Amino acid sequence: MNSELIPLMVIFPLISAILLNLMHGKDKVVRAYGILAMLVVLVVPIFASYGNHLFGAHPVVDTLPQLKISLSEVNLAIEYNFAFLQKALVFLLAAIATFAVLSHISNEKKVSGVYLSMIMLSIAAVSAVVMANDIFNMFVFLEIMTIAQAAIVIAVGGVSGYKAAFKYLVFGGVAGASILLGIALLLGTFGVLNISDLHNSLSGNMTNPIVLTAVGLIVIGWLFESGLFPFHTIKSNMYSAAKPDIAALLQTQTKIVLVALAIVLLRLFGGYSNMTAVMLGLSVGTLIIGSVMALLQTDFRRLLAFTAVSQAGLVGIGIGLGTRLGIAAGIFHAINDAIAMSLLFITVYFIYERAKTTEFKRLGGLLVQAPKLAFIQIIGILIVSGVPPFNAYQSEFRIIDATIQAGHPELGVLVILGTILTFVALMKGFYLTFLKENTTKIALGKVHIYNGLPTVTYVTLIILVIACVGIGLFPMPFYDRAYSVALKILVGW
Amino acid sequence: MNGSEVQFWSFVTAALLMIIGIYAIIFMDNIIKKIIGVMLIGDGVNLVLITEGFKPGGIVPIISEKLYNQSPGIFQEFADQASYSLPFALVLTNIVIGASTLAVLLGITIKLYQHYNSLSVHEIFKEEKI
Amino acid sequence: MDNLYDYLHEKFKALGGTQIGSGLSAEFILLAFFPLVLIALLRGVNDTIAIVLALLFIVAVVFSAPFVVKVSKENTDHYNIAAFYVAIVMGIVMFIMLGGI
């Protein structure tokens, strides 16, 4: 019907990014356009119908009679796919990004057009990564996303933000070059870039050493984009250097990109067991090391950053199992966890906005000042730790189930250990922030946060809690769709 | 050197560029040298792509209406001889991306230098104990 | 055993302000993590190798616990730490992908 809306999800944020950049300095215009643009970004994925969109397409025919040029069967167009999974991921991204934009607009006296433009750029890039069925297009938008995320962190992070962004860009350059080299090797071997065409060309070619090199290179890129083991300190540094509302956006984007890239990897090289073994092994390491490091932090933002990284490891375990149940549970957990971690990040955002610090040694006794916030945060902690009836319970339970069905019960035990550790770490954060008496020295000044929750934050938190409970009580519509995606990955697109 | 030798040494050069880049990123202390390393890796990958599109003794992959009118049967021959043009488009995109990454990285470098008065990684990351 | 708390306090000082409770919980999880990974990797491979590695693990526990201090030292935000592990993992991934193992 209206598949014309599909490219709009990428093109509109891109145009908005340019326009907001030009509007920088005109305060009222930026405010109005920012809110309007976020409304459009939120609405478009809801109304777009499922289907494909081809850029620069030509009909696949043998000859074009008027030119007498024979064309191959290969589809030269850049193809965008849009189905339920894409819809869910793009909408989730738009929702979290809306909060980031609204919180900036409602809190700052002077709104920065450039900052909003970078948020728009990252929305466009992640939407394109989710929908693109073309491996080079995916790479281009991954690089744009890296630059946009680094720019956002530079804008809000101060000196620690510069350092985090420096590391992110340097290793992002390495990982990006690694992905591009993999693509170049595949292009040189098969001559196509469309993922469906590559899937067809690759079947039966998985012993070719050039292809195996390409697999390794693209897996290294995947590790960076999803913040798994060797890159976990870089990602967690980005999360903790950014303001927590931006960190919520960043971790949502990371999980969406993790799922999108992993689907591509599994579609192309799913039959290669060494690849899934590497994905699984590094994900397990990330889960445990992430949650151990979360427990050792003395700053709430860093604690949440490492928790987010370890939860990405949990998603990676599901996907790395390579079975139907595992992939479905992993995709499902990515969505659930992005919502739940955003909830926690936003509660900490409120503390950070009011107290200007999230260090545990300066916080304490905030329960009296902000009981509502404490209540919502404890719900968020229960959600992330996988307590029924919330959504993360449904997916974590299914991941553990999948590990046992796949014949790796030890991994199930490790997932449970990691979840317990996450719960302990988050409860420690809650205790030190809300329950423990504030023993800060007078010189540092006691922290006061209570002036009432601002409406934007409050409404967002309520919406997120409702989403968590809703998905937790009725998981099947989402899980069934994730399961059918997993089935498609394994059986053929 | 004939065409395929050029192609071979071009690949070797690309590999060397990437190795030098990785060396710089890991071992060099100066952050500008690290940035140069990132750019060298990108250039190495670009060179791989260009070399893939190169065809020994090939012709430029542009076809004009005039050429077509002169000899209509030329297309099969053209397709056999022309070099592969898709990688060149990819390289162009990657150069643009590399340039923007470089700009942001150098901007960060200026800010870091203003704050720390040094470009050494040891100085800048001193607060994060090893 | 009386001064175990003091001993741990001394060891965990390097972590910089972390409570001993959190350090201990993390330590226990790590102690469970290593043997589980060993089991997952070696289950069904060879009993002898598994037993030798289990013994080595016990020796490692006796001589190098607490692990937490070492783990946290290897996961700071320092550039060189990240570069070291990225280089190692890139090598290992390519090695495994090309069928080295």
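The values are calculated or read from the model by the stated rules, or taken from the named source; none is laboratory data. Source: prediction; values computed, not measured. No Cβ is skipped: glycine too gets one built from the backbone with ideal geometry, and neighbour counts run over all protein chains shown.
I want to confirm something. Restricting to segment A:380-417 and keeping residues that are without any contact (Cβ under 8 Å) to a residue 12 or more places away in the chain and of a type in the set (Val, Ile, Thr), which single residue is nearest to C:Ile39 (Cα to Cα)? Full working, then the answer.
Step one: of segment A:380-417, the residues without any contact (Cβ under 8 Å) to a residue 12 or more places away in the chain are A:382, A:387, A:397, A:404, A:407, A:409-410, A:413.
Then drop every residue that is not of a type in the set (Val, Ile, Thr), which leaves A:387, A:404, A:413.
On the way: A:Val387: 28, A:Ile404: 15, A:Val413: 12 Å.
Ranking the candidates gives A:Val413 first.
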Next item on the list: Report yes if A:Phe345 is crowded, with 24+ Cβ neighbours inside 10 Å and either at pLDDT 90 or above or assigned to a helix (DSSP H, G or I) (or both), otherwise no.
Entry: yes
Margin query: So for segment A:358-366 (the condition being at pLDDT below 90, closer than 25 Å to C:Leu30 by Cβ and buried (at least 24 other Cβ atoms within 10 Å of the Cβ)), does at least one residue qualify?
Written below: no
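Any idea which of C:Ile88, C:Ile29, C:Ile20 is of a type outside the set (Asp, Glu), within 14 Å of chain A (Cβ to nearest Cβ) and within 29 Å of A:Gly172 (Cβ to Cβ)?
Working: C:Ile29 fails: within 29 Å of A:Gly172 (Cβ to Cβ); C:Ile20 fails: within 29 Å of A:Gly172 (Cβ to Cβ).
Going through C:Ile88, C:Ile29, C:Ile20 in turn, just one is of a type outside the set (Asp, Glu), within 14 Å of chain A (Cβ to nearest Cβ) and within 29 Å of A:Gly172 (Cβ to Cβ): C:Ile88.
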Checklist line | Checking C:Ile58 against (1) part of a helix (DSSP H, G or I); (2) of a type in the set (Val, Ile, Thr); (3) surrounded by 14 or more Cβ atoms within 10 Å (Cβ to Cβ), the condition it does not meet | finding: (3)
Item checked: Answer from A:Ala355, A:Ala334 - the residue that is small (Gly, Ala, Ser) and surrounded by 23 or more Cβ atoms within 10 Å (Cβ to Cβ) -> A:Ala334
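I'd like the residue in segment B:20-34 that is β-branched (Val, Ile, Thr) and under 18 Å from B:Val104 (Cβ atoms) and, out of all such residues, is surrounded by the fewest Cβ atoms within 10 Å (Cβ to Cβ).
Initially, segment B:20-34 is screened for residues β-branched (Val, Ile, Thr), giving B:20, B:22, B:25-26, B:31-32.
From the residues that got through so far, the ones that are under 18 Å from B:Val104 (Cβ atoms) too are B:25, B:31-32.
Values: B:Ile25: 24, B:Ile31: 24, B:Ile32: 14.
For segment B:20-34, the residue satisfying everything is B:Ile32.
Looking at B:Val91, B:Val38, B:Val48, B:Val104 in this structure, which one is in a helix (DSSP H, G or I), over 15 Å from the mean Cα position of the chain (by Cα), surrounded by 12 or more Cβ atoms within 10 Å (Cβ to Cβ) and β-branched (Val, Ile, Thr)? Reasoning before the result, please.
Working: B:Val91 fails: over 15 Å from the mean Cα position of the chain (by Cα); B:Val38 fails: over 15 Å from the mean Cα position of the chain (by Cα); B:Val48 fails: over 15 Å from the mean Cα position of the chain (by Cα).
Residue meeting the stated conditions: B:Val104.
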Checklist line | Members of segment A:190-202 found to be in contact (Cβ under 8 Å) with a residue 60 or more places away in the chain and not hydrophobic (A, V, I, L, M, F, W, C), listed by number | finding: A:Gly191, A:Asn194, A:Ser196, A:Asp197, A:His199
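Tell me which residues, restricted to segment A:115-136, are closer than 23 Å to B:Phe88 by Cα and in contact with a strand residue (DSSP E or B) (Cβ under 9 Å, 6 or more places away or on another chain). Lay out the reasoning, then the answer.
In the first step, residues of segment A:115-136 are kept if they are closer than 23 Å to B:Phe88 by Cα; the result is A:125, A:128-129, A:132-136.
Residues satisfying the conditions are A:Ala128, A:Ala132, A:Asn133, A:Asp134, A:Ile135, A:Phe136.
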Notebook entry, point to check: For segment A:231-262, how many residues meet the condition of being farther than 19 Å from A:Leu343 by Cα and touching a Lys or Arg at 6+ places or on another chain (Cβ under 9 Å)?
Noted result: 3
Margin query: So, B:Gly37, is that one at pLDDT 80 or above, in contact with a Gly (Cβ under 6 Å, 6 or more places away or on another chain), farther than 21 Å from A:Asn137 by Cα and not basic (Lys, Arg) or not?
Written below: yes
Item checked: Search result, residues across segment C:71-93 that are among the polar types (S, T, N, Q), surrounded by fewer than 21 Cβ atoms within 10 Å (Cβ to Cβ) and closer than 18 Å to A:Tyr239 by Cβ -> C:Asn75, C:Thr76
Note to self: Suppose we filter segment A:277-328 for residues that are within 9 Å of another protein chain (Cβ to nearest Cβ), touching a helix residue (DSSP H, G or I) at 6+ places or on another chain (Cβ under 8 Å) and of a type in the set (Val, Ile, Thr); how many remain?
What the structure shows: 5
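Suppose we filter segment A:194-226 for residues that are of a type in the set (Val, Ile, Thr) and within 25 Å of A:Leu54 (Cβ to Cβ); how many remain?
Going residue by residue through segment A:194-226, those that are of a type in the set (Val, Ile, Thr) are A:195, A:207, A:210-211, A:213, A:215, A:218-220.
This time we only want the ones that are within 25 Å of A:Leu54 (Cβ to Cβ), so: A:195, A:218.
Of the residues in that region, 2 qualify.
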Next item on the list: Could you list, in sequence order, all residues of segment A:161-192 that are facing chain B (nearest Cβ under 7 Å) and either at positive phi or hydroxyl-bearing (Ser, Thr, Tyr) (or both)?
Entry: A:Tyr162
Checklist line | Test set (1) within 19 Å of the chain's Cα centre (by Cα); (2) surrounded by 24 or more Cβ atoms within 10 Å (Cβ to Cβ); (3) over 25 Å from A:Pro244 (Cα atoms) - A:Ala177 fails condition number | finding: (1)
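Report whether or not B:Lys66 is in a loop (DSSP other than H, G, I, E, B) and more than 8 Å from chain A (Cβ to nearest Cβ). Show your work before the answer.
Numbers: in a loop (DSSP other than H, G, I, E, B): no; more than 8 Å from chain A (Cβ to nearest Cβ): yes.
Considered against the rule, which asks whether it is in a loop (DSSP other than H, G, I, E, B) and more than 8 Å from chain A (Cβ to nearest Cβ), B:Lys66 comes out as no.
Identify, please: which residue in segment A:389-412 is among the β-branched types (Val, Ile, Thr) and buried (at least 24 other Cβ atoms within 10 Å of the Cβ) and is, among those, nearest to the other protein chains (Cβ to nearest Cβ)? Talk me through it step by step, then tell me what you get.
Kept after step one, since they are among the β-branched types (Val, Ile, Thr), are these residues of segment A:389-412: A:399-400, A:403-404.
Still in the list and also buried (at least 24 other Cβ atoms within 10 Å of the Cβ): A:399, A:403.
On the way: A:Ile399: 15, A:Thr403: 10 Å.
This residue is A:Thr403.
Taking the condition within 14 Å of chain A (Cβ to nearest Cβ), part of a loop (DSSP other than H, G, I, E, B) and not basic (Lys, Arg), does C:Asn75 pass? Working first, answer last.
Numbers: within 14 Å of chain A (Cβ to nearest Cβ): yes; part of a loop (DSSP other than H, G, I, E, B): yes; not basic (Lys, Arg): yes.
Yes.
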Next item on the list: Scan segment B:80-125 for residues that are more than 9 Å from every other protein chain (Cβ to nearest Cβ) and among the charged types (D, E, K, R) and jot them down.
Entry: B:Asp80, B:Glu123
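Residues that are under 30 Å from A:Thr403 (Cβ atoms), modelled with pLDDT of 75 or more and either of a type outside the set (D, E, K, R) or surrounded by 11 or more Cβ atoms within 10 Å (Cβ to Cβ) (or both): does segment C:6-21 have at least one?
So in segment C:6-21, the residues under 30 Å from A:Thr403 (Cβ atoms) come out as C:21.
Cutting the leftovers down to modelled with pLDDT of 75 or more gives us C:21.
Subset that is either of a type outside the set (D, E, K, R) or surrounded by 11 or more Cβ atoms within 10 Å (Cβ to Cβ) (or both): C:21.
Yes, segment C:6-21 contains at least one residue that is under 30 Å from A:Thr403 (Cβ atoms), modelled with pLDDT of 75 or more and either of a type outside the set (D, E, K, R) or surrounded by 11 or more Cβ atoms within 10 Å (Cβ to Cβ) (or both).
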Notebook entry, point to check: Which numbered condition trips up C:Ile96, out of (1) of a type in the set (Val, Ile, Thr); (2) within 10 Å of chain A (Cβ to nearest Cβ); (3) surrounded by fewer than 18 Cβ atoms within 10 Å (Cβ to Cβ)?
Noted result: (3)
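Before we move on, is A:Val156 in contact with a Lys or Arg (Cβ under 7 Å, 6 or more places away or on another chain), farther than 16 Å from A:Arg267 by Cα and either surrounded by fewer than 24 Cβ atoms within 10 Å (Cβ to Cβ) or within 9 Å of another protein chain (Cβ to nearest Cβ) (or both)? Can you show your working first?
Numbers: in contact with a Lys or Arg (Cβ under 7 Å, 6 or more places away or on another chain): yes; farther than 16 Å from A:Arg267 by Cα: yes; either surrounded by fewer than 24 Cβ atoms within 10 Å (Cβ to Cβ) or within 9 Å of another protein chain (Cβ to nearest Cβ) (or both): yes.
In short, yes.
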